[in-house]
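The values are calculated or read from the model by the stated rules, or taken from the named source; none is laboratory data. In this text the structure is predicted, and so the values were computed from the model without any measurement. As a convention, Cβ positions derive from the backbone with ideal geometry for all residues, glycine included, and neighbour counts pool all protein chains shown.
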Amino acid sequence: MRIAYLDRTVHETDGEPKPNGGVSTLPKSIDLQGSVETGDKTTIASKDFGGLYSTKPLALIKPAGSDDVSRVIKAASRIPRMTVAARGNGHSINGQAMTNGGLVIDMRSTEENHFRLLNINGSFFIDVSGGALWENVLTRCVSGFGLAPRSWTDYLSLTVGGTLSNAGVSGQAFRYGPQISNVTELEIITGKGDITVCSETRNPELFFGSLGGLGQFGIITRAMVKLQPAPDMVRWIRVVYTEFDEFTRDAEFLVSRDDGESFDYVEGFVFCNNDDPVNGWPSVPLDPVHGFNQGIIPQTGASVLYCLEVAFHYQKDDHPSNVDKAVAGLLKPLRFVEGLKSQVDLSYVEFLLRVKRAEEQAKANGIWDDPHPWLNLFISKSDIVDFDQTVFKKMVKDGIGGPMLIYPLMRSKWDNRTSVALPDSEIFYLVALLRFVSRGPSVEESVAQNREIVEWCIKEGLDFKQYLPHYQSKEEWKRHFGNQWTRFVERKASFDPMAILAPGQNIFKRTHLS
Ligand code: FAD
């Protein structure tokens, strides 16, 4: 199909750099196999899951494949100050997949382009489109081949390209590293429009730069993801701690053990020591019939308590007593409050799709589409006690209207050649404050509190980084990347010399590259 004439209708409303002139100087026609939406049909690209920002793109491109993406980037590079943003499933919080007055490339339209199982010297990989949803990768790999990727996010309605542009972290990352540690090859359309295949040995700068690269070096159109045999079943368990030091000691013990000597998934969260249905005791049991026996908690219990969440994989034909024995052995050294344990058995796919069930409920309750002023941080082990004392026990002690995740990760499972910025210590914690505003403080209060938390971390000199970062000024980006800043800038200059790929994060604007 020949797509012609993208009429420029966007005005300069927010001080962002915009293409020159009243009418787009995009080529009068770009030969695309896919389609171009303008006007009201771009609405989906004007917002994201966060619901905090809205922008007006010039057009929403639905590419048929890599050639289309390449053509769009090449065309955009000829227009002064035109920008391009890849959009996965738009589940960012702060407009990371948006561009005001620019072109948004909807990668979901490429989902079906690649899905191929590869067996390389006995190891299995799935070659998938950058626009594929992880939930579809999961179900197709398990039902088709009995195999599955090793490292996940908690929620899977996210695209392969979207999570690889950040990291992709969940309770398996302590063992296998984040999702970016589990890909071996990418096809990327660089900011010059070149269609490039890259890996650890082939174009490694582009490969590592793009992993965690915030979409700043190129658009991921294909990824080769490591697979492993999928278990049939999962025993999912939650246990409760009153003391932070006991919670962290046990969580760190589990993530530091060798393969085969620990659970297959380790996460945790903070909850309020009260009967609040969203923030308190009722948020803990995995099955409401289990209830929560708060009578066991010492009267001296603090304002918040801690829940360690673990999972154990097994096969359907494993004898139940063997599963019980293995799980009991793993729980034995842990010092949780006896009597505050909840567990369910479910299929591996159901377990990985657990947040989808929560999404369905939230949609039924009409709260899924509310704004989500979420904050994600990586905090060094050395500073996590201070963080607990000040943030969990004081600033958010009454809850935030949603989960407050906290679990340890191992830096040695991350590749420091990627673009992700991490704290320095070997063990660091992921902390995620996942607010649903209809259940807690207002959007403004939540945003202000997030800012207060980040400012407190900076003032106290904590060794921390924002995960899924978003800043407006170059100074903030420089601080974020620290000694990785120069490498990031050089990679950007090399793969996107015209700074075409400049979505809402404003890391680089076309008018000032560094
Ligand atoms: P988008 O939001 O559309 O894009 C994200 C960024 O990637 C943008 O900068 C965009 O330009 C870029 N991008 C998108 N596609 C491509 C591509 N093909 N090539 C290059 N760049 C691209 N994260 C975790 O790590 N662990 C979790 O457990 C987790 N849980 C989540 C739960 C929910 C309910 C939500 C909403 C988010 C969660 N996230 C989690 C965060 C999520 O991983 C990121 O927000 C991710 O970027 C969203 O994926 P997306 O496909 O919607 O990407």
(message) Please go through (1) surrounded by 24 or more Cβ atoms within 10 Å (Cβ to Cβ); (2) in contact (Cβ under 8 Å) with a residue 40 or more places away in the chain; (3) within 12 Å of the ligand (Cβ to nearest atom) for I126 and return the number of the only condition it doesn't satisfy.
(response) (3)
(message) Against the definition (farther than 28 Å from T184 by Cβ and either β-branched (V, I, T) or outside any loop (DSSP other than H, G, I, E, B) (or both)), how does I500 come out, yes or no?
(response) no
(request) Please specify each residue of the range 201-218 satisfying the condition of being touching a residue at least 40 places away in the same chain (Cβ under 8 Å), farther than 10 Å from L186 by Cβ and not aromatic (F, W, Y). (result) P204, E205, G209, G212, G213, L214, G215, Q216
(request) Taking only the range 144-159 into account, find how many residues are within 9 Å of the ligand (Cβ to nearest atom) and outside any strand (DSSP E or B). (result) 7
(message) Show the residue pairs meeting these rules: Cβ distance below 7 Å; 6+ apart or different chains; first residue within the range 79-108 and at negative phi; second residue among the aromatic types (F, W, Y) and within 9 Å of the ligand (Cβ to nearest atom).
(response) H91/F49; S92/F49; I93/F49; I93/W374
(request) Name every residue in the range 165-181 that is near the ligand (Cβ under 6 Å from one of its atoms) and closer than 15 Å to F263 by Cα, in order of residue number. (result) S170
(request) Residue by residue through the range 353-378, note down the ones that are among the polar types (S, T, N, Q) and surrounded by fewer than 14 Cβ atoms within 10 Å (Cβ to Cβ). (result) Q361, N365
(request) Would you be able to tell me the number of residues in the range 73-96 that are within 13 Å of the ligand (Cβ to nearest atom) and of a type in the set (A, V, I, L, M, F, W, C)? (result) 5
(message) Give me the residue from the range 329-343 that is assigned to a loop (DSSP other than H, G, I, E, B) and among the basic types (K, R) and, out of that set, nearest to Q294 (Cα to Cα).
(response) R335
(request) Select from the range 300-328 the residues that are part of a loop (DSSP other than H, G, I, E, B) and either at pLDDT below 95 or small (G, A, S) (or both) and list them in ascending order. (result) T300, G301, A302, S303
(message) Just to verify a result, which residue in the range 58-71, among those that are part of a helix (DSSP H, G or I) and touching a residue at least 60 places away in the same chain (Cβ under 8 Å), is surrounded by the fewest Cβ atoms within 10 Å (Cβ to Cβ)?
(response) D67
(request) Can you tell me which residue among V489, V437 is among the aliphatic types (A, V, I, L, M), at pLDDT below 95, away from the ligand (no atom under 16 Å from the Cβ) and not assigned by the TED database to the domain that holds I219? (result) V489
(request) Kindly indicate the residue of the range 467-494 that is of a type in the set (A, V, I, L, M) and not in a loop (DSSP other than H, G, I, E, B) and also nearest to the chain's Cα centre (by Cα) among those meeting that condition. (result) V489
(request) Run G162 past the list (1) under 21 Å from R487 (Cα atoms); (2) in a helix (DSSP H, G or I); (3) near the ligand (Cβ under 10 Å from one of its atoms) and report the number of the one that doesn't hold. (result) (1)
(message) D245 - would you say it is surrounded by fewer than 19 Cβ atoms within 10 Å (Cβ to Cβ), in contact with a helix residue (DSSP H, G or I) (Cβ under 8 Å, 6 or more places away or on another chain) and closer than 22 Å to D383 by Cα?
(response) yes
(request) Quick one: in the range 218-242, of everything that is buried (at least 19 other Cβ atoms within 10 Å of the Cβ) and among the polar types (S, T, N, Q), which residue is farthest from E309 (Cα to Cα)? (result) T221
(message) Within the range 426-447, does at least one residue satisfy the condition of being over 22 Å from the mean Cα position of the chain (by Cα), over 16 Å from L52 (Cβ atoms) and without any contact (Cβ under 8 Å) to a residue 40 or more places away in the chain?
(response) no
(request) Consider V391 carefully, then state whether it is crowded, with 21+ Cβ neighbours inside 10 Å, in a helix (DSSP H, G or I), more than 21 Å from the chain's Cα centre (by Cα) and outside the structural domain of Q172 (by the TED database). (result) yes
